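Comments concern the structure below.
The values are calculated or read from the model by the stated rules, or taken from the named source; none is laboratory data. None of the values given here were measured: they were computed from a predicted structure. Positions of Cβ are generated from backbone atoms using ideal geometry, with glycine treated the same way; all protein chains shown enter the neighbour counts. Side chains included, ligands, DNA and RNA excluded: accessible areas come from the protein's heavy atoms. Shrake-Rupley method; radii C 1.70, N 1.55, O 1.52, S 1.80 Å.
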Amino acid sequence: MTVEDPFARFGVVPLFTLTSDDVADDTPLDRAQWGAGGGGGDVSPQLSWSGFPPETKSFAVTIHDPDAPTGSGFWHWAVYNIPASVTSLAAGAGAAGGAALPAGAAMLSNEMGGKSFTGAGPPPGTGTHHYNTVVHALDVDRLDLDPSSTPAILGFNAHFHSLARAVLVPIATSGDI
């Protein structure tokens, strides 16, 4: 399967490579990446990226489920101000408190209100959900966001500074766990 850039409709940018020891395109999420309420571990996936533009000054990482029955999707994770020298995040980097994030990086609150990664949990009867896991290569050292900003505000600001992005889209179906 060829994964398409979920942000392409806002303007095409080059794509670079995103890999993971934990998630893959069009492949069901492991139990660890499911939410605790659905029998999972709320563990953010390991991510590694390469091939981004040399002028990249920082990265942002977002995980969004556009298939959530909300009208606006569901933000699972939003991290920004990751230094350009960092090209991977370990599994569990999205734990509350951010201690496993690189120096200078910051998390915004997910849809559950926590500054952490929250795992999948498609409600019964809502079918297959796609988890747009995106690394944004940015042309600024940092985004000056209010710590109470939403992931959508991060996306808005990243849009105007994106040089390129990398995408993985694992899936989960209600009733999988």
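Assorted remarks:
- For the criterion of being surrounded by 23 or more Cβ atoms within 10 Å (Cβ to Cβ) and either more than 23 Å from Gly71 (Cα to Cα) or of a type in the set (Val, Ile, Thr) (or both), Thr118 passes.
- Verdict on Glu55 being at pLDDT below 95 and of a type in the set (D, E, K, R): no
- Just one residue in the set Ala99, Ala93, Ala68 is in contact with a Leu (Cβ under 9 Å, 6 or more places away or on another chain), in a loop (DSSP other than H, G, I, E, B), of a type in the set (A, V, I, L, M) and modelled with pLDDT of 95 or more; that residue is Ala93.
- Exactly one residue out of Ala91, Ala68, Ala95 is within 20 Å of Ile171 (Cβ to Cβ) and within 14 Å of the chain's Cα centre (by Cα): that is Ala91.
- Residue within the stretch 123-145 that is open to solvent by 50 Å² or more (accessible area, probe 1.4 Å) and on the phi > 0 side of the Ramachandran plot present: yes
- For the stretch 8-58, filtered to residues that are polar (S, T, N, Q) and in a strand (DSSP E or B), the residue that is least open to solvent (accessible area, probe 1.4 Å) is Ser58.
- Restricting the first member to the stretch 1-19 and to residues that are modelled with pLDDT of 95 or more, and the second to residues that are open to solvent by 100 Å² or more (accessible area, probe 1.4 Å), no beta-carbon pair is closer than 8 Å while six or more apart or on different chains.
- Any hit, the stretch 44-61, residues being farther than 14 Å from Arg165 by Cβ and touching a Phe, Trp or Tyr at 6+ places or on another chain (Cβ under 6 Å): yes
- Filter result (more than 11 Å from Ala120 (Cα to Cα), buried (at least 24 other Cβ atoms within 10 Å of the Cβ) and not aromatic (Phe, Trp, Tyr)) within the stretch 62-81: Thr62, Ala78, Val79
- Residue-level check: of (1) within 14 Å of the chain's Cα centre (by Cα); (2) on the phi < 0 side of the Ramachandran plot; (3) among the small types (Gly, Ala, Ser), Ala84 misses just (1).
- Residue in the stretch 51-62 that is within 12 Å of the chain's Cα centre (by Cα), of a type in the set (Val, Ile, Thr) and within 17 Å of Leu138 (Cβ to Cβ) present: yes
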